[in-house]
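The values are calculated or read from the model by the stated rules, or taken from the named source; none is laboratory data. This one's a predicted model, so the numbers in the text were calculated from it and none came from an experiment. Positions of Cβ are backbone-derived with ideal geometry, glycine not excepted, and every protein chain shown enters the neighbour counts.
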Amino acid sequence: MTESYDIALVRVDNRLVHGQILEAWVPFIEAKCIIVVDDNSSCDFFCETVIRMAVPSEIEVNICSVEDFAANYVYAQGNGKKTIVLFSNIADALKAYHLGFHFEKLNIGNIHHEDYKVCCAPSVFLCETEIQDVFKLLEDEGVAVELKRVPREKAVNIRDALKEFCQVKQ
C-alpha cells in the first residue's frame, strides 16, 4: 500500500463488509477505499473473493493481515483516498494500534458471538477479554470508543454502555 489513505472511519465489525458498510457508511463518508484488516480473510481466497464481489467496482478494496497493514499503510489526514478501515475484532484493532496504526476514535458496529456475555448495545456483545482491550485503548492510549451501527444513529460512549457491568473510571 504505497498510496496515501485518508482514514475516515476505523471500525470493528465482525461481519466486515455488509449492508451497513456499503449502504450507509460508504456514501456518508464518500469513501473511495475499504481496507479489511483481518488475518483470516487475508489468507482465505474464498473469503477474499466474496468480499471483493460485494463491493462496488468504483471502491478500492484492500485485504491484509494486521501486521501487513500496520507495516505498509501510508496515512495522511485530509489527503489521499477517503478510507474505511475494518477490523473483525477489538484485539486486532488494539494490535494494529500497538504496531503503529494510531487512531483517535474507534467505532464498534457489530460484535456477535455465543461466548460473549455483556450486551453493550443491540448489536454489540463483549467478552471479558474484549472489555479489557477496550479499556487498554481508552485508558492507556486515549482512544475514544463509540458504539454506532450506522451514521444516522446516535453514538453511545462505551464507558456509558459498560457502567452497569464493570467499575468504569470517569
When V124 is evaluated against the numbered criteria (1) at pLDDT 85 or above; (2) within 14 Å of the chain's Cα centre (by Cα), which criterion, by number, is the only one it fails? (1)
Take the residues in region 50-71 that are farther than 9 Å from I34 by Cβ and charged (D, E, K, R); name whichever of them is surrounded by the fewest Cβ atoms within 10 Å (Cβ to Cβ). E58
Filter region 138-155 down to residues that are at pLDDT 85 or above and among the aliphatic types (A, V, I, L, M) and give me whichever is nearest to F28 (Cα to Cα). V150
Of (1) of a type in the set (G, A, S); (2) over 25 Å from L99 (Cα atoms); (3) in contact with a Gly (Cβ under 9 Å, 6 or more places away or on another chain), S57 fails just (3)
Single condition N62 does not satisfy, out of (1) in a helix (DSSP H, G or I); (2) closer than 20 Å to L99 by Cβ: (1)
Among the candidates V26, V10, which residue alone is under 15 Å from the mean Cα position of the chain (by Cα), crowded, with 21+ Cβ neighbours inside 10 Å and not in a helix (DSSP H, G or I)? V10
Of the residues V150, V124, V85, only one is of a type in the set (V, I, T), touching a residue at least 40 places away in the same chain (Cβ under 8 Å) and within 22 Å of S41 (Cα to Cα); which? V85
Only unsatisfied item for D140, checking (1) exposed (fewer than 13 other Cβ atoms within 10 Å of the Cβ); (2) of a type in the set (D, E); (3) under 23 Å from V55 (Cα atoms), is (3)
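Residues checked against (1) within 25 Å of A144 (Cα to Cα); (2) touching a helix residue (DSSP H, G or I) at 6+ places or on another chain (Cβ under 6 Å):
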site: A8; (1), (2): yes, yes
site: L16; (1), (2): yes, no
site: N40; (1), (2): no, no
site: D44; (1), (2): no, no
site: E60; (1), (2): no, no
site: D68; (1), (2): yes, no
site: A96; (1), (2): yes, yes
site: H102; (1), (2): yes, no
site: N107; (1), (2): yes, no
Quick check, is A161 surrounded by 14 or more Cβ atoms within 10 Å (Cβ to Cβ), in contact (Cβ under 8 Å) with a residue 40 or more places away in the chain and more than 18 Å from A31 (Cα to Cα)? yes
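So which of A70, A96 ends up being touching a residue at least 40 places away in the same chain (Cβ under 8 Å) and in contact with a Phe, Trp or Tyr (Cβ under 7 Å, 6 or more places away or on another chain)? Write out each step before concluding.
On the way: A70 fails: touching a residue at least 40 places away in the same chain (Cβ under 8 Å).
Every option except A96 fails the conditions.
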